[in-house]
Amino acid sequence: MAAKTFDMIVIGAGPGGYVAAIRAAQLGLNVACVEREHLGGICLNWGCIPTKALLRSSEVFHLMHRAKEFGLKAEGVDYDLDAVVKRSRGVAKQLSGGIGHLFKKNKITSIMGTAKLSGKGKVSVTTDNGTEELTAPAIIVATGARARELPGLEADGDLVWTYKHALQPPHMPRKLLVIGSGAIGIEFASFYNTLGADTTVVEVMGRVLPVEDAEISAFARKQFVKQGMTIMEKAAVKQLDRGKGKVTAHIETGGKVEKHEFDTVISAVGIVGNVEGLGLEEAGVKIDRSHVVTDEFCRTGVDGLYAIGDIAGAPWLAHKASHEGVMVAELIAGGHPHPIKPGSIAGCTYCHPQVASVGMTEAKAKEAGYDIKVGRFPFIGNGKAIALGEPEGMVKTVFDAKTGELLGAHMVGAEVTELIQGYVVGRQLETTEEDLMNTVFPHPTLSEMMHESVLDAYGRALHF
């Protein structure tokens, strides 16, 4: 059978791959996209989107319990876990179906199957109907990543879960252990804790949400503890003894190992890139700790071969993958896109309270040798936050004292995942403190705290 020829082949239809395919098609290229499981990848089907649907349910549940504060009555408040999960799956399905529609609209050849590089500019795809050969001068590998499994802590879907099991729980945890307090771990801890699970979070680093600014981490930790979570930092789960309906976790802190009993464990200890079985090494691609080594334009060093998204390394974020997809599609189509600056990519965590950040933390800015000015503004000083009944939170900004450059912004509190984009745009436009101070923020909004935090860095805060 003759090989089918394209201008570009994308392996993987997650937020990196499908966006790359769409952008390339818009630019007039003939594109094929190969996906082995679901259009939309982990993000749409098992990650970003369905988790937000779950968290929205727990947020509404939490608010229903606070009805009295708002002068409302809600009695006998309860939840139906199966219905909560069903809604989440429905949201994921709707969006995954939408990608199929976008592929048709953009005349992208979508192939469900497993792809492997079979030579220069060649991809061999195994489908339910056998094997087909595709060729193209440009190939993008966008195969994503999967949950890291530590020896002895492997998931079994019953007592020990990965994020996938946690999204379709076989039972409601009563006593839950979450291993890892990055975005995935802390979001599931937040969800199940709000629904009433007795939740313990174990973090090997010195603090929860270890990539965030230390002050924001500390603030979030205080809120988690207030909500009834047990937080164990500088702690490691050494072994899990699985019994009938229970797990005994051996947790080491300060050189001592203690045993704690749980009925459910969620492991969220990072991710590994899906690099196996693709023929990458044979093609001459360099792999470092399960990630493909690329330059700033996602080139692998092998002519015509690119890698984007989670497989190409940190930050492991859907929006970074999508942006890389657009950049590479434009490069392949003969354009001159700008490389992505990792320091301008925001991170968002949808726990309760939410956490969002962009750029350098205060510690990183000092480490880099900057003379800095730091501003802070609390939610309690903002009219809209008080009206919403959300007075717990903070906005923090870090500036270069010499130039006024916004080096970083960090937030914790209600809706900060939506607010952070203001600072992202500011950094993209290379704004200074003066531009931000002279910007008129609408009232009453949470965004006014962003203005006040900038003013505070320069000793000019008005409302605190």
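The values are calculated or read from the model by the stated rules, or taken from the named source; none is laboratory data. Source: prediction; values computed, not measured. Cβ coordinates were reconstructed from backbone atoms using ideal geometry, including for glycine residues, and neighbour counts include every protein chain displayed. Only protein heavy atoms, including side chains, enter the accessible area calculation; ligands, DNA and RNA are left aside. Shrake-Rupley method; radii C 1.70, N 1.55, O 1.52, S 1.80 Å.
Here are some notes:
- The listed residue being surrounded by fewer than 21 Cβ atoms within 10 Å (Cβ to Cβ) and modelled with pLDDT of 95 or more, out of Lys373, Lys396: Lys373
- Check on Ile266, touching a Phe, Trp or Tyr at 6+ places or on another chain (Cβ under 9 Å), under 28 Å from Ser217 (Cβ atoms) and open to solvent by 10 Å² or more (accessible area, probe 1.4 Å): no
- Meets criteria (more than 16 Å from Cys33 (Cα to Cα) and of a type in the set (Val, Ile, Thr)) for Val328: no
- Criterion: touching a Phe, Trp or Tyr at 6+ places or on another chain (Cβ under 8 Å) and open to solvent by less than 50 Å² (accessible area, probe 1.4 Å) - qualifying residue of Val292, Val285, Val328, Val272: Val328
- In the range 1-37, the residues that are acidic (Asp, Glu) and either at pLDDT 95 or above or over 19 Å from Ile311 (Cβ atoms) (or both): Asp7, Glu35
- Failed criterion for Leu29 (all others in (1) over 23 Å from the mean Cα position of the chain (by Cα); (2) within 21 Å of Glu330 (Cβ to Cβ); (3) part of a helix (DSSP H, G or I) hold): (3)
- Hits in the range 152-167 - residues which are in contact with a helix residue (DSSP H, G or I) (Cβ under 6 Å, 6 or more places away or on another chain), touching a residue at least 40 places away in the same chain (Cβ under 8 Å) and open to solvent by 10 Å² or more (accessible area, probe 1.4 Å): Tyr163, Lys164
Per-residue answers, yes or no, for (1) over 20 Å from the mean Cα position of the chain (by Cα); (2) among the acidic types (Asp, Glu); (3) open to solvent by 60 Å² or more (accessible area, probe 1.4 Å); (4) modelled with pLDDT under 95:
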site: Pro378; (1), (2), (3), (4): yes, no, no, no
site: Glu405; (1), (2), (3), (4): yes, yes, yes, no
site: Thr417; (1), (2), (3), (4): no, no, no, no
site: Gln421; (1), (2), (3), (4): no, no, yes, no
site: Val424; (1), (2), (3), (4): no, no, no, no
site: Phe464; (1), (2), (3), (4): yes, no, yes, yes
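- The range 215-277 holds strands (runs of 3 or more DSSP E) entirely within its bounds, and those carrying 2 or more residues that are in contact (Cβ under 8 Å) with a residue 12 or more places away in the chain and more than 23 Å from the chain's Cα centre (by Cα) map to 235-242, 247-253, 256-262.
- Residue in the range 437-459 that is under 24 Å from the mean Cα position of the chain (by Cα), aliphatic (A, V, I, L, M) and either within 30 Å of Lys226 (Cα to Cα) or open to solvent by 50 Å² or more (accessible area, probe 1.4 Å) (or both) present: yes
- One residue alone among Glu75, Glu69, Glu37 is open to solvent by 30 Å² or more (accessible area, probe 1.4 Å) and under 30 Å from Glu418 (Cα atoms), and that residue is Glu69.
- Flag if Gly71 is of a type in the set (Gly, Ala, Ser) and either in contact (Cβ under 8 Å) with a residue 60 or more places away in the chain or under 24 Å from Val123 (Cα atoms) (or both): no
- Scanning the range 402-431 for residues that are of a type in the set (D, E, K, R), touching a residue at least 12 places away in the same chain (Cβ under 8 Å) and outside any strand (DSSP E or B) gives Lys402, Glu415, Arg427, Glu430.
- Any chance Val272 is within 19 Å of Gly12 (Cβ to Cβ) and out of contact with any Asp or Glu (no Cβ under 6 Å at 6 or more places or on another chain): yes
The rows are residues; the columns are (1) without any contact (Cβ under 8 Å) to a residue 24 or more places away in the chain; (2) surrounded by fewer than 22 Cβ atoms within 10 Å (Cβ to Cβ).
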site	(1), (2)
Thr114	no, yes
Ser118	no, yes
Thr127	yes, yes
Thr131	yes, yes
Thr143	no, no
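- 3 or more residues under 24 Å from the mean Cα position of the chain (by Cα): qualifying strands (runs of 3 or more DSSP E) within the range 55-163: 145-147
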